[in-house]
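The values are calculated or read from the model by the stated rules, or taken from the named source; none is laboratory data. None of these values were measured; they are calculated from a predicted model. Because the Cβ atoms are built from the backbone with ideal geometry, glycine has one as well, and the counts that use them run over all protein chains shown. The area values use the complete protein model at the heavy-atom level, side chains included, leaving out ligands, DNA and RNA. Shrake-Rupley method; radii C 1.70, N 1.55, O 1.52, S 1.80 Å.
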Amino acid sequence: QVQLVESGGGFVQPGGSLRLSCAASGFTFSSYDMYWYRQAPGKQREFVAVITAYGVASSVGSVKGRFTISRDNAENTVYLQMNSLKPEDTAVYYCYAGSEQDGFWGQGTQVTVAS
């Protein structure tokens, strides 16, 4: 069955870094656009970054220059490198795989940025 398993979240001080991973299985990973979303307490889930099946990446303005999305099709894994973290980056981060036919969500991983 389809699985998306996020890892790499945790507690970090402002200015620190984390690298999130999302390991995929059960579908043709290389054919899917891969996204990272996040949801802070009391807020709606929001788009963070995407890397298409062709390897084209983009991200929301608030993380540009700090977060980098990448993918390894050989490992069926998408990554989110997060640098210069701020308290406002605190959220549950979700991985999403999307195509024209369907989409799948992971269970999320908590990122907390605080001093």
GluC sites (Glu not before Pro) restricted to DSSP loop in the stretch 12-101 with at most 13 other C-beta within 10 Å: Glu75, Glu100
What trypsin sites (Lys or Arg not before Pro) in the stretch 7-115 are in a loop by DSSP, with at most 16 other Cβ atoms within 10 Å of the Cβ? Lys43, Arg45, Lys64, Arg66
Given C-alpha coordinates of the stretch 1-62, what is the ratio Rg to Rh with the Kirkwood estimate of Rh? 0.99
Want the number for Ser70 to Thr52: 0.36 nm per residue separation, take away the alpha-carbon distance, what's left? 5.5 nm
Specify the inter-centroid distance of the stretch 80-115 and the stretch 1-37, based on alpha-carbon positions, in whole Å. 7 Å
Please list, in order, the residues from the stretch 36-60 whose amide nitrogen is less than 12 Å from a point placed 7 Å along the Cα→Cβ vector of Asn83. none
Tabulate in residue order the Karplus-calculated ³J(HN,Hα) for the stretch 63-73, using 6.51 cos²θ - 1.76 cosθ + 1.60 with θ = phi - 60°, rounded to whole Hz; enter x for Gly and Pro. 10, 4, x, 10, 10, 10, 9, 8, 9, 10, 5
Order of exposure, largest accessible area first, which applies to Thr77, Thr28 with probe 1.4 Å: Thr28, Thr77
Using the C-alpha atoms of the chain, what convex hull volume per residue, in cubic angstrom, is computed? 95 Å³
Using +1 at the Cβ of each Lys and Arg and -1 at the Cβ of each Asp and Glu in the chain, identify which of Ser58, Ala40, Ser99 lies farthest towards the dipole's positive end. Ala40
Counting only other residues whose beta carbon sits under 13 Å from that of Ala40, what net charge do I get with K and R as +1, D and E as -1? +1
Given a 1.4 Å probe, how much area per residue of the chain is accessible, in Å²? 52 Å²
If you keep only loop residues by DSSP, which chymotrypsin sites (Phe, Trp or Tyr not before Pro) in the stretch 1-102 have at most 14 other Cβ atoms within 10 Å of their Cβ? Tyr54
For the stretch 42-106, the dipole about the Cα centre with charges only on Cβ (Lys and Arg +1, Asp and Glu -1), to the nearest 20 debye, works out at 280 debye
Based on the Cβ-Cβ distance of Trp105 and Gln13, what FRET efficiency does E = 1/(1 + (r/R0)^6) give at R0 = 22 Å, to the nearest 0.05? 0.15
